[in-house]
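Below: one structure, written as structure tokens.
The values are calculated or read from the model by the stated rules, or taken from the named source; none is laboratory data. The shown structure was predicted, so the numbers you read here are calculated from the model rather than taken from an experiment. Using ideal geometry, Cβ is built from the backbone for each residue, glycine included, and neighbour counts are taken over all protein chains shown. These area figures cover heavy atoms from the full protein model, side chains too; ligands, DNA and RNA do not enter into them. Shrake-Rupley method; radii C 1.70, N 1.55, O 1.52, S 1.80 Å.
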Amino acid sequence: MALIAYSTLSPIGMRPHIGTWVHVERFGAYALLGFLFATAFPRRIPLILAMVFGVAAAFELLQMLSADRHARVEDLAVKMAGAAGGGGASWFAAPTGGVCEAGKVNQNSNHRR
């Protein structure tokens, strides 16, 4: 998250980039952030997504304090889509609790998980 904050809030000339489209970088950074947080806290994915969405919105609004940066709704949408994609990928990849085990019955009881 610190690298994203630096990339978002630093002057445009100091912004690190990998040479591809800026939207791909934004989407990838927030997808990785969403994936890592959702993997670390798999039972809190809605809270994690709300947090990452909030961070994205806050960083985007903080860009308005800099003279050479700008805040755009399009950029925020790409960041939120990336975060949602990363969180969703973590949920689908989870060995327990995701789609893979959603319908299984606990072997030790008659209750569904």
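Tabulated data for the structure shown
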| item | result |
| --- | --- |
| Failed item, numbered, when Phe92 is tested on (1) under 10 Å from the mean Cα position of the chain (by Cα); (2) farther than 28 Å from Gly13 by Cβ; (3) open to solvent by 30 Å² or more (accessible area, probe 1.4 Å); (4) of a type outside the set (Ser, Thr, Tyr) | (1) |
| The stretch 19-44: number of residues that are open to solvent by 70 Å² or more (accessible area, probe 1.4 Å) and either farther than 25 Å from Leu65 by Cα or in contact (Cβ under 8 Å) with a residue 40 or more places away in the chain (or both) | 9 |
| Test: residue in the stretch 75-86 that is modelled with pLDDT of 70 or more, in a loop (DSSP other than H, G, I, E, B) and not basic (Lys, Arg) | no |
| Residue in the stretch 2-12 that is outside any helix (DSSP H, G or I), of a type in the set (A, V, I, L, M), over 15 Å from Ala83 (Cβ atoms) and more than 13 Å from the chain's Cα centre (by Cα) present | no |
| Residue identified as over 12 Å from Leu9 (Cα atoms), open to solvent by 70 Å² or more (accessible area, probe 1.4 Å) and assigned to a helix (DSSP H, G or I) among Leu47, Leu61 | Leu47 |
| Hits in the stretch 52-89 (condition: more than 8 Å from the chain's Cα centre (by Cα), among the charged types (D, E, K, R) and under 25 Å from Leu36 (Cβ atoms)) | Glu60, Glu74, Asp75 |
| Any hit, the stretch 58-72, residues being of a type in the set (S, T, N, Q) and more than 13 Å from Ser7 (Cβ to Cβ) | no |
